[in-house]
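Beneath this line is the structure, given in structure tokens, with notes to follow.
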Amino acid sequence: MAEVKVKVQPPDADPVEIENRIIELCHQFPHGITDQVIQNEMPHIEAQQRAVAINRLLSMGQLDLLRSNTGLLYRIKDSQNAGKMKGSDNQEKLVYQIIEDAGNKGIWSRDIRYKSNLPLTEINKILKNLESKKLIKAVKSVAASKKKVYMLYNLQPDRSVTGGAWYSDQDFESEFVEVLNQQCFKFLQTKAETARESKQNPVIQRNSSFASSHEVWKYICELGISKVELSMEDIETILNTLIYDGKVEMTIIAAKEGTVGSVDGHMKLYRAVNPIIPPTGLVRAPCGLCPVFDDCHEGGEISPSNCIYMTEWLEF
């Protein structure tokens, strides 16, 4: 007699348990989860049960539905902004999501228009409305002074947008940079002179003349010449300009993990150096580095006779 196989249906899972599990997955993956992730985590749940749970969470405003290159994404909704976005229409929510995805680098209105396929007049209206609710803010970018980028209201703009410590109201602080340049070089010069005066053997003198970027950073911070908080990266940028000027040299050494000033087991050391041969006058002439050299001619708006850099060089 043939054996009869009976297919046992799995018991229906509790809808609340399915919803809670989806919420847990969204917390584990804050950037969003796909339906495949949910299916892999709950293989015993039928597609219809998953769809019912997801639709319920979307209708209750606990999830956001996003589009990506891989398909649809489900992401946990920010409870703070969920309350602020209450009553907003779908177009406003779409624009908000696009700005949120841009992070602290922001996004131009032109790119918002491209991603949303909304008319520019409608986008401008939505942006003003979101700004009035303090959900987003407009920030001027140093890369394009006449254009603004939009980002979430509580985000700190990226350095690529503000220019970091070297810019104030989109103006490059050349005097501030020059002061830092001089003080960093002075610190390294002093350290080199102290090493020479120690009268030790040349190898020890040379090693003693080096200073880490953390030491230079600490010295600048203690001087109190900066109104903004400077990072070690900022100081290394200044030290790099001194290297390009031929005033400083850098070496990289291995360092123990956890050593102050080390990154990934390496540490950058700097020391002041004296050029072996002084540069010739022709090399130091401003014309060699002038960005408007091709437009400079006698009688023109830019000419050698009214060039302040040429005047300073001749006086020197």
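Work out how much length LEU65 to VAL177 would gain on full extension: take 0.36 nm times their residue separation and subtract the Cα-Cα distance, in nm to one decimal.
35.7 nm
Work out how much length SER305 to SER198 would gain on full extension: take 0.36 nm times their residue separation and subtract the Cα-Cα distance, in nm to one decimal.
Value of the extension gain: 33.5 nm.
For GLU131 and LYS256 in one chain, what is 0.36 nm times their gap in residues minus the Cα-Cα distance, to one decimal in nm?
Between GLU131 and LYS256, full extension yields 40.2 nm more.
Using a basic spin-label model with each label point 7 Å from the Cα along Cα→Cβ, how many nm lie between HIS31 and GLN156?
Result: 2.2 nm between the two label points.
From the Cα trace of segment 169-244, what convex hull volume per residue do you get, rounded to a whole Å³?
95 Å³
Please sort by residue number the trypsin sites (Lys or Arg not before Pro) in segment 93-133 whose DSSP state is loop and whose Cβ has at most 15 other Cβ atoms within 10 Å.
LYS133
Evaluate the distance, in nm, between pseudo-label points positioned 7 Å from the Cα of VAL228 and of SER208 along their respective Cα→Cβ axes.
3.8 nm
Bear in mind that the values in this text are calculations on the coordinates, not laboratory data. The model shown is predicted, which means the values in this text are computed figures rather than measured ones. Don't worry about glycine lacking a Cβ; one is built from the backbone with ideal geometry, like all the others, and counts go over all protein chains shown.
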